[in-house]
1. Residue B:471 - would you say it is closer than 29 Å to residue B:321 by Cβ, under 49 Å from the mean Cα position of the chain (by Cα) and surrounded by 14 or more Cβ atoms within 10 Å (Cβ to Cβ)?
2. State the number of residues belonging to the range B:47-90 that are more than 39 Å from the chain's Cα centre (by Cα) and more than 19 Å from residue B:144 (Cβ to Cβ).
3. Can you pull out the residues in the range A:97-115 that are more than 10 Å from chain B (Cβ to nearest Cβ), closer than 20 Å to residue B:333 by Cα and surrounded by 11 or more Cβ atoms within 10 Å (Cβ to Cβ)?
4. Scan the range B:172-189 and tell me whether some residue there is buried (at least 20 other Cβ atoms within 10 Å of the Cβ), outside the structural domain of residue B:64 (by TED's automatic domain parsing) and without any contact (Cβ under 8 Å) to a residue 40 or more places away in the chain.
5. Taking the stated definitions as given, is residue B:61 out of contact with any strand residue (DSSP E or B) (no Cβ under 6 Å at 6 or more places or on another chain), surrounded by fewer than 17 Cβ atoms within 10 Å (Cβ to Cβ) and within 17 Å of residue B:21 (Cα to Cα)?
6. Just to verify a result, which residue in the range B:118-146, among those that are under 30 Å from the mean Cα position of the chain (by Cα) and crowded, with 24+ Cβ neighbours inside 10 Å, is farthest from residue B:72 (Cα to Cα)?
7. Just to be sure, is residue A:134 closer than 19 Å to residue B:297 by Cβ, within 9 Å of chain B (Cβ to nearest Cβ), under 58 Å from the mean Cα position of the chain (by Cα) and surrounded by 13 or more Cβ atoms within 10 Å (Cβ to Cβ)?
């Protein structure tokens with residue numbers, strides 16, 4: 001109780017104190033609150049920052065690893081490519097070397113073969129020489145022919161001249177102009193004159209019309225040989241009778257070519273000729289030269305020569321000529337034929353003799 | 001008046017006509033009489049005589065007309081305008097062979113002058129009757145008809161086509177096979193005239209089987225026939241490769257070469273033309289000719305004749321050499337260059353010179369070896385002088401320049417190039433200096449020689465525009481030599497030296 005009393009004694013003080021305390025608390029509350037907030041915020045901030053720092057570190061680690069990985073991967077790839085390129089270049093170089101060699105070889109062998117070309121050119125020059133020689137020979141031959149022809153022509157002309165001047169030949173009594181008595185030997189012309197015959201007057205060299213015409217016609221230098229040589233067709237000297245026919249028609253009739261009948265046109269010995277012809281034809285067409293001789297007496301003296309099928313060195317066989325089936329009578333036991341044991345077949349017995357005229361069995 | 005007296009009048013008239021027409025025909029064969037005859041109105045008088053009752057008079061009248069028309073184109077026109085052609089054409093099919101010949105002669109004489117006159121003949125329907133005449137029995141008539149057809153066909157391709165359309169070609173081919181030389185000659189010439197215009201016409205001639213018959217006649221002894229045959233073959237072969245091959249397939253080759261040795265100039269010329277026409281198409285055909293020894297024959301032919309006969313041979317060598325380097329080498333090996341050089345020097349005509357220059361250019365343009373072969377023959381100065389000569393024709397100048405350029409661009413034979421340095425114009429000099437600039441850096445002996453012969457001095461004297469190709473070449477040459485030498489040879493160096501002597505302060 002004492003305590004109670006004490007307490008009670010202190011009560012007013014307490015009250016006061018309580019009040020004071022409450023007041024001070026109230027006074028500080030706001031401040032404290034702010035401080036607490038500040039402390040908390042600081043703490044929280046720290047915590048978050050630490051966390052973020054932590055995350056950051058983690059991320060850096062991850063990124064570091066990742067980048068390292070990627071870098072290595074890229075590097076490896078790059079090395080590979082470089083290696084590949086290097087190899088490729090090398091291969092290309094080698095290929096170029098091979099191709100170079102091959103192409104050189106191929107071209108030298110087939111396209112621009114120097115030796116072949118040389119050979120070809122040599123062959124050409126040899127061939128050219130041959131051709132030149134041949135052509136020269138040909139030309140020479142032509143030249144010779146021409147010369148020969150000219151010479152012949154000259155000779156002929158000379159001969160003709162000699163024939164023309166034959167009257168200048170010297171006689172026994174009077175020397176000709178070519179046979180001067182003062183010179184030792186006669187002129188060569190004299191000899192020629194002696195050899196040649198005088199040109200006779202009767203056979204004037206008739207111009208060959210056809211040839212002349214052909215050669216002249218090519219350039220129309222000469223008027224063609226129209227049948228002008230024959231006289232102009234007469235303009236009717238006979239006594240004109242009645243109305244005239246057309247002149248051209250008359251002339252055509254008059255000058256028409258001969259149209260003989262068959263009898264007149266055929267020659268008189270045409271029959272003989274035809275026979276001759278037929279004979280010749282037969283002679284030509286004969287198959288063999290053994291003439292057919294119709295008379296049997298011709299063969300009289302001929303010996304018969306047997307066919308080779310039938311003749312042998314063992315003499316002639318009689319088989320087929322005298323007999324067809326071999327018969328050996330020596331081996332016969334009896335002269336009689338065998339007697340048949342089996343009864344004959346009735347139908348066969350009657351064969352050939354059973355039918356009468358009327359079909360009745362006899 | 002008795003019967004006889006009456007008839008005498010007629011007879012006199014007939015005789016007078018005959019005399020007149022024969023006299024006119026005789027006079028018309030001399031050219032100095034023609035004008036007088038024309039002034040005397042001979043055309044009008046001859047025309048009625050063409051319809052005379054007496055065949056002899058008709059024929060002689062036709063002959064006289066033909067001679068008149070043959071003389072010049074005015075008279076030929078007078079014949080056309082006088083309406084004489086239809087008469088002739090009508091009677092051509094009916095009359096005898098003498099008249100046919102004379103009528104064909106008139107047609108030929110009229111048609112030869114100009115395409116218009118030939119066209120007038122075609123329009124009269126003469127072709128059909130002429131073709132019928134080709135089937136005539138008489139060779140003279142055939143010949144006259146073939147000749148007339150040839151003169152019509154030679155003008156242009158339309159007229160030629162008209163002749164072909166009239167069906168003349170197969171008959172002409174038959175005419176070639178006749179025994180008469182004159183007929184063969186004319187038929188071959190007509191075929192040549194027909195086929196010269198176009199490939200189609202030539203093809204029709206080939207289709208008629210002409211080549212085999214023509215090829216057979218190459219060896220004929222008659223020179224005039226040979227001329228025509230060779231001309232026909234070359235006219236056929238000139239159009240295309242196929243036709244040329246067909247001609248070659250007729251096995252003409254070693255045989256034609258004998259024609260190049262013929263005594264007749266025209267045979268030579270036509271033979272060379274034939275080889276040229278074949279060689280120009282392809283390298284293969286050229287090769288065939290080379291292998292047959294054709295080049296040697298042509299070269300001999302060039303060497304053995306003068307004037308226009310050479311021209312086809314020269315061109316043939318050019319064509320062969322142009323195809324490939326091997327063929328060009330074959331020309332060189334066949335000793336083709338000396339004859340070409342002589343052609344270049346001794347011919348007077350510019351066109352032959354131009355052809356020779358062209359051929360040499362073709363021979364030398366392939367490789368340095370070819371160019372050397374040409375240069376050794378010492379043609380380059382000749383070509384240069386032709387190019388520089390103001391009297392030579394433009395074509396020759398162009399050809400010479402091209403040939404020079406072609407040869408110079410390949411030539412590495414410096415001794416031949418040296419003399420050109422002195423008198424070449426700048427556009428040629430460029431190539432020459434270029435060749436020096438290519439050779440000198442690699443050849444020490446040539447460098448030495450170049451200095452001693454004065455080439456370097458000449459090069460220093462050239463005034464080239466800075467930056468031009470020529471300047472570059474000169475610089476390349478100068479770089480091959482030590483600087484002192486180049487300076488020593490530069491123009492004006494002596495003055496510089498003297499100046500230095502003047503300015504020199506003697507050291508005492």
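1. On the way: closer than 29 Å to residue B:321 by Cβ: no; under 49 Å from the mean Cα position of the chain (by Cα): yes; surrounded by 14 or more Cβ atoms within 10 Å (Cβ to Cβ): yes.
In short, no.
2. Counting residues in the range B:47-90 that are more than 39 Å from the chain's Cα centre (by Cα) and more than 19 Å from residue B:144 (Cβ to Cβ) gives 8.
3. A:113
4. Yes: one or more hits.
5. On the way: out of contact with any strand residue (DSSP E or B) (no Cβ under 6 Å at 6 or more places or on another chain): yes; surrounded by fewer than 17 Cβ atoms within 10 Å (Cβ to Cβ): no; within 17 Å of residue B:21 (Cα to Cα): yes.
So residue B:61 does not fit the description; no.
6. As a first pass, look at the range B:118-146 and keep what is under 30 Å from the mean Cα position of the chain (by Cα): B:118-122, B:127, B:142-146.
From the residues that got through so far, the ones that are crowded, with 24+ Cβ neighbours inside 10 Å too are B:118, B:121, B:127, B:142-146.
Details: B:118: 14, B:121: 16, B:127: 22, B:142: 25, B:143: 23, B:144: 20, B:145: 21, B:146: 21 Å.
Looking at the filtered set, the residue picked out is B:142.
7. Criteria met by residue A:134.
Residues are listed down the side, and each one gets a yes or a no for (1) surrounded by 17 or more Cβ atoms within 10 Å (Cβ to Cβ); (2) out of contact with any helix residue (DSSP H, G or I) (no Cβ under 8 Å at 6 or more places or on another chain):
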| residue | (1), (2) |
| --- | --- |
| B:209 | no, no |
| B:216 | no, yes |
| B:224 | yes, no |
| B:233 | yes, no |
| B:240 | no, no |
| B:244 | yes, no |
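The values are calculated or read from the model by the stated rules, or taken from the named source; none is laboratory data. What you are looking at is a predicted structure, and each value in this text was computed from that prediction instead of being measured. Cβ sites come from the backbone with ideal geometry, for glycine too, and all protein chains shown count toward neighbours.
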